Structure formats: C-alpha cells, structure tokens
C-alpha cells in the first residue's frame, strides 16, 4: 500500500528487462537505512513469484507498455521488526537490486 501514495514512485535512474539476467527470478534485493542493512533477500524467496504477481495484477487491470509494478523484499515488513524503526527527516534510504544498481534517497520533512 505504501508504494502507491500519490507522488511516490521511486524509479530510475534506469530500467532493465528480464533478458539481461541469467535468472531474473533469483535477484538479490536489499535496503539500507543510514548504512544499516535492513532488508536483503532474493526474488526467489518472495511470497509470490514475480510471474504470479504480474498474472494477479493483470487479472485486475490490463497491463500497458511502460507500466512498473512495485513489490517489497521478502523480509521487509516493518511491523514484524522489534523495535520498529520508523523513517525520519534526514534518514538516507538506499534500495538496490544486485547487478542493476541502487537508488539513494534522503528524507525531508513536508512542513
């Protein structure tokens, strides 16, 4: 749900196609917050395999050229962490896909 707030769509600086990987269903995804590894796992360990996610979404809404689907990493459920680590202004979030690249974001206050 969080990935679909208006104005929130972390994409780029590039997109790649599945044919650029030996096994696109076994990619390492990860996230660091202020340099601490928070999430790290393989797409093969996701609750639903990527092809199934696409099939489920396609059953609800027709896919169009250029559409991007957002999904989290397998262990990336903040509610399951103890203690919870909520983001604050000034925090740096780095998301990556091993072999593709990373994105860095520094949070700012909307006030």
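Quick notes on this structure:
- Computed E for residue 93/residue 58 - FRET, C-beta separation, R0 25 angstrom, nearest 0.05: 0.25
- Highest mean packing comes first when the peptides 46-56, 12-22 are listed by Cβ atoms within 10 Å, giving 46-56, 12-22.
- In this simple spin-label approximation, residue 45 and residue 16 carry label points 7 Å from Cα along the Cα→Cβ vector, and these lie 2.0 nm apart.
- In this structure, residue 71 and residue 108 have a Cβ-Cβ separation that, at R0 = 30 Å, corresponds to a calculated FRET efficiency of about 0.75.
Just so you know, all these numbers are worked out from the coordinates, no wet-lab data involved. From a predicted model like this one, the values you see are computed outputs, not experimental measurements. We place every Cβ from the backbone using ideal geometry, glycine too, and count neighbours over all the protein chains shown.
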